[in-house]
1. Specify which of the listed residues (ILE69, ILE131) is touching a helix residue (DSSP H, G or I) at 6+ places or on another chain (Cβ under 8 Å), in a helix (DSSP H, G or I) and modelled with pLDDT under 80.
2. Could you say which residue among SER34, SER102 is of a type in the set (S, T, N, Q), touching a helix residue (DSSP H, G or I) at 6+ places or on another chain (Cβ under 6 Å), under 21 Å from PRO253 (Cβ atoms) and surrounded by fewer than 24 Cβ atoms within 10 Å (Cβ to Cβ)?
3. Scan the range 41-61 and give yes if some residue there is in contact (Cβ under 8 Å) with a residue 12 or more places away in the chain and under 18 Å from PRO157 (Cα atoms), otherwise no.
4. Being surrounded by fewer than 23 Cβ atoms within 10 Å (Cβ to Cβ), of a type in the set (S, T, N, Q) and assigned to a helix (DSSP H, G or I) is the filter here, so list the residues in the range 233-248 that pass it.
5. Could you please give the count of residues in the range 56-72 that are of a type in the set (Asp, Glu) and either under 11 Å from ALA184 (Cα atoms) or touching a Phe, Trp or Tyr at 6+ places or on another chain (Cβ under 6 Å) (or both)?
6. Is one or more of the residues making up the range 237-250 under 20 Å from ALA45 (Cα atoms) and in contact (Cβ under 8 Å) with a residue 40 or more places away in the chain?
7. Hey, any hits in the range 138-153 for a residue that's modelled with pLDDT under 75, in contact with a Leu (Cβ under 7 Å, 6 or more places away or on another chain) and within 20 Å of ALA251 (Cα to Cα)?
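The values are calculated or read from the model by the stated rules, or taken from the named source; none is laboratory data. In this text, all values refer to a predicted model and were calculated from it rather than measured experimentally. Here the Cβ positions follow ideal geometry from the backbone for every residue, glycine too, while neighbour counts run over all protein chains shown.
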Amino acid sequence: MLISLSPIALAVIAAFFFALGAQCQNQGLATLDSRSGTALSITAAAGSYLILAPWFLNLDLLFHPAVLIFVLIGLFRPAVSANLSVMGMRYLGPTLSTTLASTAPLFGTAMGVLWLGEVVTWEIAVGTVGIFAGILLLTRRPGGSAGDWPLWALALPIGAAFLRSLGHVLSKVGLDQVAEPFIAGMVGFVVSALITHGIRLARREPPKIPLNQHGTYWFLGGGVCFATAIFTLNNAFMEGQVVTVIPIIAASPIFTLLMSWLIFRRERLTLKIVAAVFLVVPSVAFIAVS
């Protein structure tokens, strides 16, 4: 199933739904633990695709050998990356966590250099300096104060960014062979859901997920948002290049910030966080566009 919009428009829509999903997860964390919430989100995303499969699934392409690439993606995205992302939001809040996660194009650029022999231009060098300047700004604490979140928590959204970047590159490779964004999203989420629930059932006493809490519905809604974001993003990859789409996805912290301030009103925005958002996002876009 293809959407007839420009790659830039599709990327903007995907960035919006990524930000909305992050806010839903942040709301859900008020009453539900991150591990259970992530399992709910992944299940909701996979369920969204399966519900729509009778209308949009191309069975002929489903058995193409290149679909194994989407299976590979499902082993770590979102099964692992989502857990890192939600844990990061618990410690850092949605805006700060999403800002650090926007460094994904930096990892994508590194993969291009190391694997594809691409050249590091001066634009990439300047953008890299801007990204790390933003990270240093976020980690600086006046007077050496310990702050209200640990330094190691910064590795959570950055690790999620690396896995997502790897998933983006593999998605583009797979879609070049299997031109079906719906299959790419469905296979990845279904594999991740099976892994997530398999791990939960492998425990001696698998924890039950309460269905009567508000957090449950927030995480379910977040899963639907992420399913929509990935489907839209895969459509963008079908029509455009990774270096064109990824910088637009990096704008999701702006949507997150605006939602935190105007709608959810849960996060106290500081000048340091706002400055970091407007430093990291343009730097990431500068790298990818170059």
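1. Numbers: ILE69 fails: modelled with pLDDT under 80.
Only one candidate passes the filter, namely ILE131.
2. Step by step, each of SER34, SER102 is checked, and only SER34 is of a type in the set (S, T, N, Q), touching a helix residue (DSSP H, G or I) at 6+ places or on another chain (Cβ under 6 Å), under 21 Å from PRO253 (Cβ atoms) and surrounded by fewer than 24 Cβ atoms within 10 Å (Cβ to Cβ).
3. yes
4. Selection gives THR244 alone.
5. Of the residues in that region, 0 qualify.
6. Initial filter on the range 237-250 (under 20 Å from ALA45 (Cα atoms)): 237, 249.
Filter again for in contact (Cβ under 8 Å) with a residue 40 or more places away in the chain, leaving 237, 249.
Yes, because at least one residue in the range 237-250 is under 20 Å from ALA45 (Cα atoms) and in contact (Cβ under 8 Å) with a residue 40 or more places away in the chain.
7. There is at least one residue in the range 138-153 that is modelled with pLDDT under 75, in contact with a Leu (Cβ under 7 Å, 6 or more places away or on another chain) and within 20 Å of ALA251 (Cα to Cα).
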